[in-house]
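I have placed the structure first, in the form of structure tokens, so that the comments after it can refer back to it.
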Amino acid sequence: MKKKQILYFLSGLGTLVLVILILIYRNLFGVSIKAEDINQVIYIPTSSTYEQVLDTLESNLIIKNRKVLKWVANKKNYPALIKPGRYVIDKDLSYNGLINLLRSGRQAPVKITFHNIRTLNQLAGKISKHIEADSSEIISFLSDDSNFLSDGFKKENIIALFIPNTYEFYWNTDAKGVYNRMLKEYRLFWNDQRLAKSQEKGLDQKEVAILASIIDDEVVNPDEKPRIAGVYLNRLKRGIPLQACPTIKFALNDFTITRVLHKHLHTDSPYNTYKHRGFPPGPISCPSIEGIDAVLNAEQHDYIYFAAKPDFSGYHNFSKTLTEHNHYAALYQKELNKRKIFK
């Protein structure tokens, strides 16, 4: 009789232990956390405290039992292993699964695309919308030559570092991290082939970027970029000022100008390529890949001048002599007057 009682007792105890273990397993490894939205994004800022992280989780996730979550987090030493970043919760999780994700630092990167960027302020504003660093932090870093002089840049040409494209960044990237990431991409972009073409033209990478930025602003139709690049290279070889209207707009910080007037050409600025020969101090915008490659693959010809066609097609008439150029320029000026475009 006693043996049967003992067996019943042990059987009941075993069942109880099994039930407890199942409950524990379900609590720790079963679905205990649900996202409020599909692909819920959780942001954990740099220097977040453990309690701040818990508050963030509770604000964005449906958590059945905070006490159990905290117990799991403490057992895994998460309070000492907090990693900032952008985490995407794309499925229901257990407490264990959530803490493992956060503790691992496996955050989801963000994609940042930038093109048609004129200034560093505009660039910083674009990037800062997607990462933790704010625009003022990025501008402060890019305005200090000491941060990148050793890499061959200065604040006047640092915008050349940012080759327009789509890039992945981790959300908690700081200003220095942005610079390091783009420096890596810059060095990959300037491969042996591009460097060889640049040397053949007698230009360094920054000078290519300057010409590319001017051409990007000057040219509407991409197929004309290599020809206009050839014009500017011919001027440089002959010691003729670039006389590029986009540099005047940059000098005046007025990109709404549609007609560069004679009075604008007297602007006192190192970016005034009508007054100063050679290259301006730096690019006047973020040079595009198309613009850079147009310079590297510039047409070889004898043209020295170009003037917009009066049909407003975006194409240009090219000239080898000043007399011919003045004729084409007069036709365009006449059409501007006809359309009442005076500034």
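Could you check, for segment 281-298, whether at least one of its residues is of a type in the set (A, V, I, L, M, F, W, C), surrounded by fewer than 20 Cβ atoms within 10 Å (Cβ to Cβ) and more than 23 Å from residue 120 (Cα to Cα)? There is no residue in segment 281-298 that is of a type in the set (A, V, I, L, M, F, W, C), surrounded by fewer than 20 Cβ atoms within 10 Å (Cβ to Cβ) and more than 23 Å from residue 120 (Cα to Cα). Residues that are on the phi < 0 side of the Ramachandran plot, part of a loop (DSSP other than H, G, I, E, B) and either free of Cβ contacts under 8 Å to residues at least 40 places away in the same chain or in the same structural domain as residue 161 (by TED's automatic domain parsing) (or both) within segment 243-272 comprise 244, 254, 256, 260, 267, 268, 269, 270, 271, 272, listed in sequence order.
For residue 314, the conditions (1) assigned to a loop (DSSP other than H, G, I, E, B); (2) closer than 25 Å to residue 198 by Cβ; (3) in contact (Cβ under 8 Å) with a residue 40 or more places away in the chain; (4) not aliphatic (A, V, I, L, M) are fulfilled apart from (2). The test for being of a type in the set (A, V, I, L, M, F, W, C), surrounded by fewer than 16 Cβ atoms within 10 Å (Cβ to Cβ) and out of contact with any His (no Cβ under 9 Å at 6 or more places or on another chain) does not hold for residue 257.
Exactly one residue out of 168, 224 is in contact with a Pro (Cβ under 6 Å, 6 or more places away or on another chain), in contact (Cβ under 8 Å) with a residue 40 or more places away in the chain and not polar (S, T, N, Q), and it is 168. Within segment 317-338, is even one residue part of a loop (DSSP other than H, G, I, E, B), assigned by TED's automatic domain parsing to the domain that holds residue 237 and either in contact (Cβ under 8 Å) with a residue 40 or more places away in the chain or within 18 Å of residue 222 (Cβ to Cβ) (or both)? No, segment 317-338 contains no residue that is part of a loop (DSSP other than H, G, I, E, B), assigned by TED's automatic domain parsing to the domain that holds residue 237 and either in contact (Cβ under 8 Å) with a residue 40 or more places away in the chain or within 18 Å of residue 222 (Cβ to Cβ) (or both). Filtered by the rule that a residue be assigned to a loop (DSSP other than H, G, I, E, B), under 18 Å from the mean Cα position of the chain (by Cα) and either hydroxyl-bearing (Ser, Thr, Tyr) or under 18 Å from residue 212 (Cβ atoms) (or both), segment 114-152 gives 115, 116, 117, 118, 119, 143.
Residues in segment 132-174 that are hydroxyl-bearing (Ser, Thr, Tyr), in contact with a Ser or Thr (Cβ under 7 Å, 6 or more places away or on another chain) and crowded, with 16+ Cβ neighbours inside 10 Å: 135 only.
Residues of segment 210-236 that are in contact with a strand residue (DSSP E or B) (Cβ under 8 Å, 6 or more places away or on another chain) and among the charged types (D, E, K, R): 224, 227. When 232, 315 are checked against the criterion of being of a type outside the set (A, V, I, L, M, F, W, C) and crowded, with 17+ Cβ neighbours inside 10 Å, a single residue qualifies: 232.
The single condition from (1) over 20 Å from residue 212 (Cβ atoms); (2) touching a residue at least 40 places away in the same chain (Cβ under 8 Å) that residue 240 fails is (1). Restricting segment 229-253 to residues that are of a type in the set (Gly, Ala, Ser) and touching a His at 6+ places or on another chain (Cβ under 9 Å), which is modelled with the highest pLDDT? Among them, the one singled out is 230.
The values are calculated or read from the model by the stated rules, or taken from the named source; none is laboratory data. What you see is a predicted model, and the numbers here were worked out from it, not measured in a lab. Using ideal geometry, Cβ is built from the backbone for each residue, glycine included, and neighbour counts are taken over all protein chains shown.
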